[in-house]
Amino acid sequence: MTFTSTPAVDLAAGIAAGDYSAREVATAFLDRIAETDGELNAFLAVDTPGALAAADAVDAARASGETLGPLAGVPVAVKDVIATEGLVTTCGSRILEGWIPPYDATVTAHLRAAGAVIIGKTNMDEFAMGSSTENSAYGPARNPWNTDLIPGGSSGGSAVAVAARQAPLSIGTDTGGSIRQPAAMTGVVGVKPTYGGVSRYGLVALASSLDQAGPFAATVADAAALHAVMAGHDPKDSTSIDAPVPPVVAAAANGDVSGMRIGVVKQLTGEGFQREVREHFQKSLDLLADAGAQIVEVSCPHFEYALAAYYLILPSECSSNLAKFDAIRYGLRVGDDGERSVEQVMAMTREAGFGPEVKRRIMLGTYALSSGYYDAYYGQAQKVRTLIARDFAQAFEVADVLATPTAPTTAFPIGEKVDDPLSMYLQDIATIPANLAGVPGMSLPVGLDDKGLPIGLQFMAPAMADDRLYTAGAALEAAVGWEARP
Amino acid sequence: MPALSRDDVAHLARLARLELTDAELGHYAEQLDVILGAVQRVSEVAADDVDPMSHPVAISNVFRPDQQVPGLTSDQALSGAPAVEDERFRVPRILDEE
């Protein structure tokens, strides 16, 4: 059997049943990475010894009759912004080159407890700032559908790992679309859970009020299995929601949308979206209607201000979060000749260690938070955030889930937008509102454009109703019958 | 409100502890000006009667029980430090020598 094209839940079942060993599965994916990653650059670190040791531990546990975790023996690739004890974590930045965390993120600990095999760390835009993975200090990741194109970002490496079958599952983070947009660009399923649904402890913060980790997978059911393992209340994260994990696995198995009200967001359907993106979106709505869903139109008039609010709130939070990279406690230190002051060393280190997009956003945030501008920029953006949350609340009075295209276009050439920040920022126009309001969102593949590149559709649901994404996602996945592979 | 000059960017860079090159100052002045021009749209909506939202989850004062839990050892905490001396972070000169 070909392990690399087998769904994660089937791999877990096969290992648990003793049909094959966790070591065989891990070896198949490690071989696949060795064959393909020279070109794709999805991984910043591949942990062969660690993965084989974890796989052997699963095989030994099974041999001695122990109960196995839900993902026992399933390889998982982890975005390089999530702390993994003993395994290098760089956030795609020179400033953390070679940093080995002395602790596990809660998400990482959940993976280990579930028996998952952490296979490596994936490439990303530096500190998760970007929509193309071109902002990685370690070179861009490439889209397996066409290696001249970007795979989306910032979690591009995690999306590529699943799309190219280098791992059956991967973890990304999503601050303004960084899971959903690369999922759309690479033809895989990606989910941003409800803010507070998955612990942020050990996730290197970009914008603390927006960041959320979530799963990538080839199928809706696989995404649900990983989501269930990642999620849950964590006392180490004060913003973690103390409530049961939504029943995502059951919802993915059910997929019955009869009577479900699906709201089409009027403001995110027309102008600015590529023709094939609009066509496949409409076709998907028809499929959902055929499956018994009720399609309704909703209006979210303040969504058009979301991008502007986001590019004030995010830089403000990131400029203060990234102040911790000060050349004192970890990471790079430049210019410490015994003469220079700590301030000079900090400034030289940050200049040498951060890339252009990180510097842009730090300065933008510094500006937006400066005295005299705070009310006009950051304060005003926070009010817009309230209006966007109200738009969602009203929309969810008449709809159970909302639907939009995930991204305005399919994948674009590497280099095309890298020095044109505003045009790059527009990639996230449909995904940013969910982060501002804290609601969950999913992207799944629904078709190919005229060039044969994947197109994604996004569902959004009310906070802590993540299961609805999986119900709608499973229904649409079945109706679309997605079988295309890069 | 913008236009940002090179001097403005140099000031921001000082505040943010970034020792930018001359070429970067000019480049960022142009780009930041364009971005600020675009994000200024937030002033078109949201009047005084709208409350600001800092966070998606309404929370305040999350406490944990006052119990000791194991933390990092000093070796672990210092494991990523750029310079260590006597089991402590060694830092560059902090005070002026006068």
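What to note about this one:
- Given 16 as the ceiling on other Cβ atoms within 10 Å, longest exposed-site-free region of chain A for trypsin sites (Lys or Arg not before Pro) in DSSP loops: A:1-235
- Loop-located chymotrypsin sites (Phe, Trp or Tyr not before Pro) in the stretch A:304-340 whose Cβ has at most 14 other Cβ within 10 Å (DSSP): none
- Taking 7 Å steps out from each Cα toward its Cβ at residue A:85 and residue B:23 produces label points 4.5 nm apart.
- Within 10 Å of the Cβ of each residue in B:76-83, the mean number of Cβ atoms contributed by other protein chains is 6.
- Paramagnetic reach from residue B:44 in the stretch A:289-315 [backbone N under 17 Å; point 7 Å along Cα→Cβ]: A:300-312
- The long axis of helix B:6-15 is offset from the longest Cα principal axis of chain B by roughly 20 degrees.
- Separation in nanometres of the label points that stand 7 Å from Cα toward Cβ, at residue A:24 and residue B:33: 6.5
- Under the simplified labelling scheme, the residue A:67-residue B:75 pair shows an inter-label distance of 3.6 nm, with each label point 7 Å from Cα along Cα→Cβ.
- Here the stretch A:3-254 has an Rg and Dmax of 16.3, 49 Å, counting Cα atoms alone.
- The mean number of Cβ atoms from other chains found within 10 Å of a Cβ in peptide A:77-88 is 0, as a whole number.
- Solvent-accessible surface (1.4 Å probe) assigned to residue B:11 amounts to roughly 90 Å².
- Range in chain A, longest, excluding exposed GluC sites (Glu not before Pro) [loop by DSSP; at most 16 other beta-carbon atoms within 10 Å]: A:98-270
- Within 10 Å of the Cβ of each residue in B:12-25, the mean number of Cβ atoms contributed by other protein chains is 6.
- Largest first, the residues A:362, A:414, A:328 sort by 1.4 Å accessible area into A:414, A:328, A:362.
- Label reach from residue B:58 (point 7 Å along Cα→C-beta): in the stretch A:380-410, amide nitrogens under 13 Å belong to A:390.
- Cβ crowding within 10 Å averaged over residues, with A:206-212, A:181-187 ranked highest first: A:181-187, A:206-212
- Taking Cα centre as origin and charging only the Cβ of basic (Lys, Arg, +1) and acidic (Asp, Glu, -1) residues, the dipole magnitude of the stretch A:3-254 rounds to 300 debye.
- Only Lys, Arg, Asp and Glu carry charge here, each on its Cβ (+1 for the first two, -1 for the last two); on that basis chain A has a dipole of about 540 debye about its Cα centre.
- Computed on the stretch A:224-366, with alpha-carbon pairs under 8 angstrom and 6+ residues apart, the relative contact order is 19 percent.
- For a label point 7 Å along the Cα-to-beta-carbon line of residue A:340, residues of the stretch B:10-25 with backbone N under 18 Å: B:13-25
- Helix-only [θ]222 nm of the protein assembly as shown, DSSP H runs n ≥ 4, -39500 (n - 2.57) each, per residue, nearest 500: -11500 deg cm²/dmol
- Between the beta carbons of residue A:31 and residue A:57, assuming R0 = 22 Å, the FRET efficiency works out to 0.60 to the nearest 0.05.
- Leading residue at positive end of dipole, chain A (Cβ point charges), from A:349, A:231, A:91: A:349
- Dipole-positive endmost among A:105, A:207, A:44 within the stretch A:3-254 (Cβ charges, Cα centre): A:207
- For chain A, with +1 on Lys and Arg beta carbons and -1 on Asp and Glu, the positive-most of A:7, A:481, A:288 along the dipole: A:288
- GNM top mover of B:82, B:56, B:65 - chain B, alpha-carbon springs below 10 Å: B:82
- Hull volume per residue, based on the alpha-carbon atoms of chain A and their convex hull, is 137 Å³.
- Degrees, to the nearest 10: B:22-39 long Cα axis against longest axis of chain B: 70
- When you restrict to C-alpha pairs under 8 Å that are six or more residues apart and normalise by the size of the stretch B:1-47, the relative contact order lands at 48 percent.
- The calculated FRET efficiency for residue A:297 paired with residue A:320, based on their beta-carbon distance and R0 = 30 Å, is about 0.15.
- Relative contact order, percent, chain A [alpha-carbon distance under 8 Å, six or more residues apart]: 17
- The GNM of chain B, with springs linking C-alpha atoms under 10 angstrom apart, assigns the highest mean-square fluctuation among B:83, B:13, B:47 to B:83.
- Using only side-chain charges placed at the Cβ, +1 for Lys and Arg and -1 for Asp and Glu, the dipole size of chain B relative to its Cα centre rounds to 320 debye.
The values are calculated or read from the model by the stated rules, or taken from the named source; none is laboratory data. It should be emphasised that the depicted structure is a prediction, and the values quoted were computed from it without experimental measurement. Here Cβ is always computed from backbone atoms with ideal geometry, including for glycine, and neighbour counts include all displayed protein chains. These area figures cover heavy atoms from the full protein model, side chains too; ligands, DNA and RNA do not enter into them. Shrake-Rupley method; radii C 1.70, N 1.55, O 1.52, S 1.80 Å.
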